[in-house]
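As structure tokens, the structure follows; a few thoughts come after it.
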Amino acid sequence: MENAFKNEDLEILIATMNRNSLDFLNQLFPFASYTGFRLLIVNQTDENCLLHSDYPNVRVINSFERGLSKSRNLALQNALGKIVLIADDDVIYPENFQQKIIQAYNNNTEASIICFRTQTKEGKLYSKYPAEGKELNSRKLNKILSIEVTANREALQAKNCVYNEWFGLGAKFEDAETLYFLRRAFYSGLKLFFCPETIVVHESYSSSDEVASDRLIYAKMAGFYKRFGFGAYYYLLKYMFFLIRKNYTPLAQIKSKFLVGLRGIKDYKFLLNTKADKVYE
């Protein structure tokens, strides 16, 4: 292919906090030196804990804002790689992950976003993935982890695909930033694909697994109102039954959990009324 992507076209966008040393990168790349990869690190911190890099391939932005989606957007705004990989600071990359990503884009030339698989530290797949590569529709985006997402940077910028800064860790609604990023890309007309290759290793648990936490219920119900309008009240009831059926929370706590969900819906409705979320639609 005359215009095929190459390994050096990949840039890894890493979100981290309160770092003043690059040493944490050693655990991300146990098979090679991190200086051999193109990295852009967004370090959300304060003026007393700054991160610096003397390596031309490792760029650093020290940001004094808070919120994972803000970190992701700042990285996308400043990225230079033709292909970008969304990353956190607690993952491990296996050997040849870079080649798998580049090959997937060369094999799927229409793809603007390609999502991959995650393996747990126990050697198992993180979740149940399709057996074969396929194009993704809006109903297949819910379970995709942020660390599984790669994108053609120019395609994202052409459609102004950014993260919704009301959602994600450190935001008002601390969940589902990846889902709304992918939905924005899909409804912008971009092609999203799944590739059945494993590119990253992570703990078998993530922050989105706290299904009974007030934080997640509040955010999830706000998201349901964002997607389904008044149907969110139905999904709130359904979610309460789910928590009871799976024994995720005692029956005595269901009322308080229900009220948390109602507050999430109410607070998101307020955002709609003030048009505060429209910039991310």
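The values are calculated or read from the model by the stated rules, or taken from the named source; none is laboratory data. Because the structure is a prediction, the values reported are computed rather than measured. All Cβ positions, glycine included, derive from the backbone under ideal geometry; neighbour counts span all protein chains shown. Heavy atoms of the whole protein, side chains included, go into the accessibility calculation; ligands, DNA and RNA do not. Shrake-Rupley method; radii C 1.70, N 1.55, O 1.52, S 1.80 Å.
Students often check this: by mean Cβ neighbours within 10 Å, which of 16-27, 182-193, 213-224 ranks highest, and how do the rest follow?
Details: 16-27: 14.6, 182-193: 18.2, 213-224: 22.7.
Packing proxy ranking, top to bottom: 213-224, 182-193, 16-27.
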Using alpha carbon centroids, what distance separates region 178-240 and region 1-65, in Å? 27 Å
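Between GLU95 and LEU125, what is the FRET efficiency for a Förster distance of 22 Å, r being their Cβ-Cβ separation, to the nearest 0.05? Numbers along the way, then the final one.
Details: r = 18 Å, r/R0 = 0.82.
Calculated transfer efficiency: 0.75.
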For region 104-235 the translational diffusion coefficient, Stokes-Einstein from a Kirkwood Rh over Cα pairs at 4 °C and viscosity 1.567 mPa s, in µm²/s, is roughly 82 µm²/s
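Given the Cα-Cα distance of SER33 and ALA158 and 0.36 nm per residue of separation, how much length would full extension add, in nm?
Using 0.36 nm per residue and subtracting the Cα-Cα distance, I get 41.7 nm.
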Can you tally the net charge around SER256? Count Lys and Arg as +1, Asp and Glu as -1, for every other residue whose Cβ sits under 12 Å from the Cβ of SER256. +2
Please compute the contact order of region 136-227 in relative form: average sequence separation of alpha-carbon pairs under 8 Å and at least six residues apart, divided by the residue count, as a percent. 32 percent
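With a 1.4 Å probe and every protein chain left in place, work out the accessible area per residue of the chain in Å², rounded to a whole number.
Numbers: 14210 Å² over 281 residues.
Per-residue value: 51 Å².
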Counting each DSSP H run of 4 or more residues in the chain as -39500 (n - 2.57), what helix-only mean residue ellipticity at 222 nm follows after dividing by all residues, to the nearest 500 deg cm²/dmol? -10000 deg cm²/dmol
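Taking Cα pairs under 8 Å and at least six residues apart, what relative contact order does region 188-261 come out at, in percent? Provide the component values of the computation, followed by the final result.
Values: 37 pairs, mean separation 23.8, N = 74.
In percent, rounded to a whole number, it is 32.
Taking R0 as 30 Å, what FRET efficiency do you get between ALA276 and PHE228 from their Cβ-Cβ distance, rounded to the nearest 0.05? Don't skip to the end; give the middle numbers.
Working: r = 19 Å, r/R0 = 0.64.
Here the calculated transfer efficiency is 0.95.
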Here, GLU135 and ASN247, labelled 7 Å along Cα→Cβ, have an inter-label distance in nm of 4.5 nm
Just want to confirm a number: the relative contact order over the chain, from Cα pairs under 8 angstrom separated by 6+ residues, in percent. 18 percent
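Treat the chain as a sphere of radius equal to its Kirkwood radius over Cα pairs and apply Stokes-Einstein at 37 °C in a medium of 0.692 mPa s; give the translational diffusion coefficient in µm²/s, rounded to a whole number. Please report the intermediate quantities before stating the final value.
Values: Rh = 19.8 Å.
It diffuses with D of about 165 µm²/s by this estimate.
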Nearest 10, in degrees from 0 to 90: the angle of helix 254-273 to the longest Cα principal axis of the chain is 70 degrees
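Cα-Cα over 23 Å: which of LYS100/LYS143; LYS226/LYS275; LYS220/LYS266; LYS100/LYS159; LYS121/LYS220; LYS70/LYS246?
On the way: LYS100/LYS143 21 Å; LYS226/LYS275 12 Å; LYS220/LYS266 12 Å; LYS100/LYS159 26 Å; LYS121/LYS220 27 Å; LYS70/LYS246 34 Å.
Result: LYS100/LYS159; LYS121/LYS220; LYS70/LYS246 exceed 23 Å.
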